[in-house]
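Q: Mind looking over this structure? Questions follow.
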Amino acid sequence: MADIKHLDQIAERVERLLLRHEELQRTNVLLHEQIQALQAERDTLKSRLNAARARIDALLDRLPAGQSIEDPDPTRQERA
């Protein structure tokens, strides 16, 4: 009789573990979708930033020779 009770407890625990595993799999899928969405947003923002930099560089190239612009942030490093 004790063996049956013990087996029932093990079966119940296995069922709970299976449910938890399914829940974690669903959560994992959702997190992967969020990562993909954030990576796409990051890539879009990088593209927009690069386009803005290109426009600024084009404007700077149009400045008359001899004029210089002081960099308000002397710690700024050249960005690729």
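The values are calculated or read from the model by the stated rules, or taken from the named source; none is laboratory data. Bear in mind the structure is a predicted one, so any value in this text is a computation, not a measurement. Here the Cβ is made from the backbone with ideal geometry for all residues, glycine too, and neighbour counts use every protein chain on show.
Q: Can you run down the residue pairs with Cβ atoms below 8 Å, 6 or more apart or on separate chains, where the first is in the range 44-58 and in a helix (DSSP H, G or I) and the partner is loosely packed, with under 10 Cβ neighbours inside 10 Å and of a type in the set (K, R)?
A: R53/R79
Q: Another question, if that's okay. Going residue by residue through the range 53-65, is there one that turns out to be touching a Lys or Arg at 6+ places or on another chain (Cβ under 8 Å) and modelled with pLDDT of 95 or more?
A: yes
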